[in-house]
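Visitor: Dumping the structure here so I can ask a few things about it.
Just so it is clear, none of the values below were taken in a lab; they were calculated from the coordinates. The structure displayed is predicted, hence computed values, not measured ones. Cβ coordinates were reconstructed from backbone atoms using ideal geometry, including for glycine residues, and neighbour counts include every protein chain displayed.
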Amino acid sequence: MSTITFSGLATGLDTESLISSLIEVERAPVTLLESKVEYLEARNETYSNCNTLLGELASAVNAFDSASDFNSWQVLTASSAPFSATVGGYAKAGSYQVEVLSLARQQKDISAEGFVSSTTAELSGSLIIGETTLTYENQSLMDLADLINDADTGVTASIIDDGSDAGLRLVLTADNAATTPDILGSGSISIDSARDGHTLEGSLARLMVDGIEITSDSNTVTGAIYGVSLDLTGLSSDGAQLVQVKSDPNAIVEKIDSFVSTYNEFLTFIDEASAADSSLGTTFRGIERKLQTLLSNRSSTSGSYNSLAALGFTTDSKSGELSYDSTTLSTALSTNLSDLQSLFVGDADSPGLAKQISSYLDDQLDSSTGFSASRIASNDANIERLNTSIERMETRLEKREETLTAQFNALELLVSELNSQSEYITSFFEKYNDD
């Protein structure tokens, strides 16, 4: 409920400004609490950014903290080959001769009838697709297509337009090349594939791998070459072509390079956080020191490399940024991959460097007890407490303002009454003197 004020009508005082100034003074504790809330919210944002970077660092180191991560392969094919190839981490090195004899294609059946509209409810009849019978009455072509697609018959219904006046036709396409159901339609849609054959007969893909014929119901062939997927795009016109599966050392380099760049990005973040808030920076330095300790640890596993320094890794004395000698690392990848793996992965009794860093980061990223999560939770609790205090204080200030307004209004009324009495007395004596 709003309060009517009479600002200075009798006293000549700017009572609204006076009340506003008094409330502003009394509001100082609220302003202080609001500043604390803003400070904690800013800290939480920084902690959240820290958590994001730690998550990215964990993802980077997780890319080479297990033995399978070092099984990186590449597959090579001629650019003219009628297929492309991709390789998984479980492939084996080898060379293969591949020849594509035929591509997989799906069976198609197209209605003999054409229709003017796809939305007019004018169709009635039945369709037998494989072992499923569908009955429809007063349905549009669109509704019939939806009915077929919802029935899970092994075919997909669609509509084509051949451009003529009644050019809309129903098309039934098998879900894959191995699905070849007979189709019998009566009524508005007449199809008899058993009698007339299919509009387009389905067929399996056929290819030769090292002289062995392989069939597939898809043009994406997996399993013909262990760990390799072949995407067939055409037929082999020049006979078999070579597919080579080889180790890919560059993949390991990319993983390590990603970790190094992410680690250095985290150090930059700490520097910026420290510049903005020295106490917060001190908190983050604890993580930095732990990571530096882990990076400088010596591995107790056997092998040619027992530390990152042996691989050509160095740490800048001022910035702490990590770098490595690409030649030394490439030599290790090409000549001592197992020893490199041992350094980063280790074994059950002695975890490698990447494994140790991964474990430490997992602890820091725990959603309850992790570095940022625990601090954000504590700050959130304090923010909630402060906001509750602010609400109570704001309520008291509102009541205080109402009280002051009422008091000043009373003062105005009192002064107004006194002024009226003064005017009356003055008028009385003036009249008396005149008489």
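Visitor: Quote to one decimal, in nm, the extra length available between SER420 and SER304 on full extension: 0.36 nm per residue of separation minus the C-alpha distance between them.
Guide: Numbers: separation 116, 0.36 × 116 = 41.76 nm, distance 10.62 nm.
Additional length available on full extension: 31.1 nm.
Visitor: Once the piece of chain linking THR268 and ALA151 is laid out straight, how much longer is it, given 0.36 nm per residue of separation minus the C-alpha distance between them? Each step should come with its number before you reach the end.
Guide: Working: separation 117, 0.36 × 117 = 42.12 nm, distance 5.81 nm.
Computed gain between THR268 and ALA151 is 36.3 nm.
Visitor: On to the next question. Shape of the chain from its Cα gyration tensor (a ≥ b ≥ c, root eigenvalues): rounded if a/c is under 1.5, otherwise prolate when a/b > b/c, or oblate? Could you put the intermediate results ahead of the total?
Guide: Details: a/c = 4.73, a/b = 1.52, b/c = 3.12.
Since a/c reaches 1.5 but b/c is at least a/b, the shape of the chain is classed as oblate.
Visitor: In a shell of Cβ-Cβ distance under 11 Å around ASP65, excluding ASP65 itself, what net charge do Lys and Arg (+1) and Asp and Glu (-1) give?
Guide: Numbers: positive: LYS255, LYS355; negative: ASP69, ASP362.
Taking every Cβ under 11 Å from that of ASP65, the sum is 0.
Visitor: Using 7 Å Cα-to-Cβ label points, what is the SER17/ALA275 separation (nm, one decimal)?
Guide: Taking the two extended label points, one gets 4.5 nm.
Visitor: Would you mind getting me the FRET efficiency between ASN297 and ASN336? Use the beta-carbon distance for r and R0 = 30 Å, nearest 0.05.
Guide: Details: r = 19 Å, r/R0 = 0.65.
According to the calculation, E is roughly 0.95.
Visitor: Could I ask something else about it? What full-extension length gain, to one decimal in nm, is calculated for GLU321 and THR220 as 0.36 nm per residue of separation minus the Cα-Cα distance?
Guide: Numbers: separation 101, 0.36 × 101 = 36.36 nm, distance 4.49 nm.
Result: 31.9 nm gained on full extension.
Visitor: Going Cα to Cα from LYS36, which lysines come in below 23 Å? Please leave out same-chain ones fewer than 8 positions away.
Guide: Once the sequence-local lysines are set aside, nothing remains near LYS36.
Visitor: Taking the alpha-carbon distance from LYS290 and a cut-off under 24 Å, which lysines remain once sequence neighbours fewer than 8 residues away in the same chain are dropped?
Guide: Partners within reach: LYS255, LYS318, LYS355.
Visitor: Would you pull out the residues with amide H under 5 Å of GLU321's amide H, same chain only if 5 or more places away, H placed 1.01 Å from N?
Guide: ASP316
Visitor: OK, next. Straight-line reach from LYS246: which lysines have a Cα under 17 Å away, not including same-chain ones fewer than 8 places off?
Guide: LYS92
Visitor: Just to confirm a number: summing +1 for Lys and Arg and -1 for Asp and Glu over residues other than SER140 whose beta-carbon lies under 13 angstrom from that of SER140, what do you get? Present the calculation step by step, with values, prior to reporting the outcome.
Guide: Working: positive: none; negative: GLU122, GLU137, ASP143, ASP146.
Taking every other residue near SER140 into account, the sum is -4.
Visitor: Counting only helical runs of four or more DSSP H residues, what would the 222 nm mean residue ellipticity of the chain come to if each run contributes -39,500 (n - 2.57) and the total is spread over all its residues? Let's see the in-between values first.
Guide: Numbers: 10 runs with 203 residues, N = 435.
Result for the chain, helices only: -16000 deg cm²/dmol.
Visitor: Rank ILE287, PHE259, SER274 by how far each Cα sits towards the positive end of the charge dipole of segment 247-291 (+1 on Lys, Arg Cβ; -1 on Asp, Glu Cβ) and give me just the farthest.
Guide: ILE287
Visitor: Within segment 110-128, name every residue whose backbone N is under 20 Å away from a label modeled 7 Å from Cα of ALA194 along the Cβ vector.
Guide: 110-112, 125-128, by backbone N distance to the label point.
Visitor: Here's a follow-up. Which helices, counted as full DSSP H runs in the chain, have an axial Cα extent of no less than 24 Å and a Kyte-Doolittle average of -0.5 or above?
Guide: Numbers: long enough: 28-62 (51 Å, -0.11); 249-276 (41 Å, 0.22); 278-296 (26 Å, -0.14); 371-434 (92 Å, -0.65).
Span-like helices in the chain: 28-62, 249-276, 278-296.
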